[in-house]
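Following: one structure in structure tokens, then a few remarks.
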Amino acid sequence: MLPGIKSRLVASHLAVAIVAAAAVSVVLSVAFTRLQVEYYKHALLASALALADALETDFGTPHGQVQARHALRKLAANRPWGLAVVNATGTVSGSTDASLPEGLCLATPAEVAAATRSVLLIPNATGGEPYAVAVAPVEKSKRTIGMVRAWVTRQEFDASVAPLKRTLTLALGAVCALSVLLSLILAQALISPIRRMRQLSQRVARGDFAIRIGRTTDDELGALASDLDAMASRLQDLESLRRDFVGNVSHELRSPVSNIRVTSEVLQRRASQWGADSEHLFQTIVLETERLETLIAELMELSAIESGALQLQIEVVEAKPFFGELIESVSALADHRGIRLAVQAEPGLVIRADRVRLERALRNLLDNAIKFTPAGGQVTLSARTAGREVEIEVADTGEGIATADLPRIFERFYRTDKARQRKGGAGIGLAIVKHIVEAHGGTVRVSSEEGRGSKFCLRLSRD
Ligand code: ADP
């Protein structure tokens, strides 16, 4: 399954935040490292120069030696870098670093004599090796008689930039977490009207036009939501117009059609006066008018049910005797078509329903089952408890329904191609069944296999 809009939005926000925060962190880290290098270069040189300056007067004398040791001790406590004093012979005469003991040879006399103030950066230094080294000559009478070295190790330098790098990493994490949180809030705000629109379209697709989204946001989504509301309200108006129209027309047709049937029956009885064919012709008129009457009655019933006029008289119906009466009422038709009828119901099983309406629904299903099952087949009416519900099933061994037709079978006026080829109902029966079952708060499902039969399963609450 593709990830939803919400997760895609969060992922894209997160990606943008990570890239942006990482870029800012890299730039800041590089800039800060450069600044820190400049600071150390400057500070090391200043420190070496200051020491060289302070030692200049008595350099090389015993007093100067004491002075140098004292100054170095003080400096060692306050500076994160090392300092060493080198005399004219190139040996260390004092240092803040124990690894450079007095007397250690650090340079040749010529190197000391040529020393100038300078700062050197050693890019490949690792760990405890000097990374930046500053040299300041100690001069007397324009002659270089020693030098001071100041240096910072790679370790010390890295330790000085580490807090910033840590802060940047923390900030990066915080930015990502914040961006996830913000994008979740944003996505939620964006998704909730879309979800409501989806609910609306699903309910409209099921024929329920009463749903509205209401006010959402003042943007394109808000405009779409109000367009959908307008569409649902227009469809609701049309639906009510359609219902009223069907109801009114059926009502108006009922009396003239009934008059035509009565008149045709009278004429049929006198048919002998009009020649040999006339009885057959009158019989056709009577049969067709009867079909019209049935259709009109079904249309009026559907229209009454759909307009919400269905008032249920719920009572406790005992399944076994109720099914017995139902089967009895269709047995003549079944016998005529050569179809066996069977009933299965748990003894004592009761159904809470409007007896007349439930009988109407089951009659429709039984009539269909008999109509669409060839001679020699079987139709079974059964009921069983299923948790807090009762499951009623009408099963046949008939021609079945094509998979493509199944989703539309409960729509009003829907008939399969096969059913259209023969005379019969107008595709209203199952729509009535669905309305009756749903008015009871129940559900109706169909399963079918072409050539093997169909099963209509009603679930009604037992409470
Ligand atoms: P109709 O009055 O035309 O029977 P229904 O609404 O009762 O209308 O049924 C709609 C269509 O569903 C029928 O035309 C038929 O094609 C199909 N159908 C209903 N029940 C069965 C069944 N038991 N077996 C096969 N097809 C069925």
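The values are calculated or read from the model by the stated rules, or taken from the named source; none is laboratory data. As the structure is a computational prediction, the values presented were derived from the model and not from experiment. Every residue, glycine as well, gets a Cβ built from its backbone with ideal geometry; the counts of neighbours run over all protein chains shown.
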Log entry, pairs with first residue in the stretch 358-371 being within 19 Å of residue 443 (Cβ to Cβ) and in contact (Cβ under 8 Å) with a residue 24 or more places away in the chain, second being within 11 Å of the ligand (Cβ to nearest atom) and assigned to a helix (DSSP H, G or I), beta carbons closer than 6 Å, six or more apart or on different chains, reads 361/433; 364/429; 364/433
Checked the stretch 382-417 for anything over 32 Å from the mean Cα position of the chain (by Cα) and among the β-branched types (Val, Ile, Thr); matches are 385, 390, 392, 394, 397, 401, 416
Which condition number in (1) farther than 18 Å from residue 433 by Cα; (2) in a loop (DSSP other than H, G, I, E, B) is the one that residue 312 fails?
(1)
Does residue 200 satisfy the criteria of being part of a helix (DSSP H, G or I), touching a Leu at 6+ places or on another chain (Cβ under 8 Å) and closer than 30 Å to residue 81 by Cα?
no
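Condition check ((1) part of a loop (DSSP other than H, G, I, E, B); (2) within 11 Å of the ligand (Cβ to nearest atom); (3) modelled with pLDDT of 95 or more; (4) closer than 29 Å to residue 319 by Cα) across all residues:
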position	(1), (2), (3), (4)
402	yes, yes, no, no
410	yes, yes, no, yes
415	yes, yes, no, no
419	no, yes, no, no
424	yes, yes, no, no
434	no, yes, no, yes
441	yes, no, no, yes
457	no, no, yes, yes
Being of a type in the set (Asp, Glu) and either crowded, with 19+ Cβ neighbours inside 10 Å or more than 29 Å from residue 159 (Cα to Cα) (or both) is the filter here, so list the residues in the stretch 92-147 that pass it.
111, 139
Taking the conditions exactly as written (more than 9 Å from the ligand (Cβ to nearest atom), of a type in the set (Lys, Arg) and modelled with pLDDT under 90), does residue 340 satisfy them or not?
no
Check whether at least one residue in the stretch 200-220 is surrounded by fewer than 16 Cβ atoms within 10 Å (Cβ to Cβ), over 20 Å from residue 298 (Cα atoms) and touching a Pro at 6+ places or on another chain (Cβ under 9 Å), and report yes or no.
yes
Wholly enclosed strands (runs of 3 or more DSSP E) of the stretch 105-178 bearing at least 2 residues at pLDDT 90 or above and within 56 Å of the chain's Cα centre (by Cα):
none
Find the residue count for the stretch 432-463, including only residues that are in contact with a Phe, Trp or Tyr (Cβ under 6 Å, 6 or more places away or on another chain) and closer than 23 Å to residue 303 by Cα.
1
If you go through 383, 361, the only one that is within 16 Å of the ligand (Cβ to nearest atom), of a type in the set (Gly, Ala, Ser) and either assigned to a strand (DSSP E or B) or touching a strand residue (DSSP E or B) at 6+ places or on another chain (Cβ under 8 Å) (or both) is 361
When residues of the stretch 240-280 are filtered for being farther than 21 Å from residue 295 by Cβ and modelled with pLDDT of 85 or more, how many remain?
2
Condition (residue is farther than 19 Å from residue 144 by Cα, exposed (fewer than 15 other Cβ atoms within 10 Å of the Cβ) and in contact with a strand residue (DSSP E or B) (Cβ under 9 Å, 6 or more places away or on another chain)) applied to the stretch 16-34: is it met by at least one residue?
no
